[in-house]
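These notes are about the structure you will find just below.
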């Protein structure tokens, strides 16, 4: 798993053919936010990364009850 900063990680899936963008929260929550095939898209661009970092900030501010409600 690659740390992209700001609570955003990129993980290889399916024998390195697919990718997942994962947002984290300190209490052990992992949000699989974006899945894509490597053949369709090599990487996310800077603008997309900034959007995922902003979204990670919002997830980090959610209460435990709201986090539990997302699952």
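Across the stretch 15-47, what is the number of residues that are more than 26 Å from residue 68 (Cβ to Cβ) and over 11 Å from the mean Cα position of the chain (by Cα)?
16
Kindly provide the set of residues from the stretch 39-71 that are within 15 Å of residue 2 (Cα to Cα) and surrounded by 11 or more Cβ atoms within 10 Å (Cβ to Cβ), ordered by number.
Selection gives 43, 44, 49, 52, 53.
Does residue 12 satisfy being within 13 Å of the chain's Cα centre (by Cα), surrounded by fewer than 16 Cβ atoms within 10 Å (Cβ to Cβ) and part of a strand (DSSP E or B)?
Working: within 13 Å of the chain's Cα centre (by Cα): yes; surrounded by fewer than 16 Cβ atoms within 10 Å (Cβ to Cβ): yes; part of a strand (DSSP E or B): yes.
For residue 12, the condition - within 13 Å of the chain's Cα centre (by Cα), surrounded by fewer than 16 Cβ atoms within 10 Å (Cβ to Cβ) and part of a strand (DSSP E or B) - is met.
Among what's in the stretch 44-67 and is in contact with a strand residue (DSSP E or B) (Cβ under 7 Å, 6 or more places away or on another chain) and in a helix (DSSP H, G or I), pick the residue that is farthest from residue 29 (Cα to Cα). I'd like the intermediate steps shown before the answer.
Quick first cut of the stretch 44-67, residues in contact with a strand residue (DSSP E or B) (Cβ under 7 Å, 6 or more places away or on another chain) only: 44, 49, 52-53, 55-56, 59-60, 67.
From what is left, the residues that are in a helix (DSSP H, G or I) are 49, 52-53, 55-56, 59-60, 67.
On the way: 49: 19, 52: 15, 53: 15, 55: 14, 56: 11, 59: 9, 60: 9, 67: 8 Å.
Here the answer is 49.
Since every read-out is calculated from the coordinates, none of them should be taken as a lab result. Please read these numbers as outputs of a predicted model, since none were measured by experiment. Don't worry about glycine lacking a Cβ; one is built from the backbone with ideal geometry, like all the others, and counts go over all protein chains shown.
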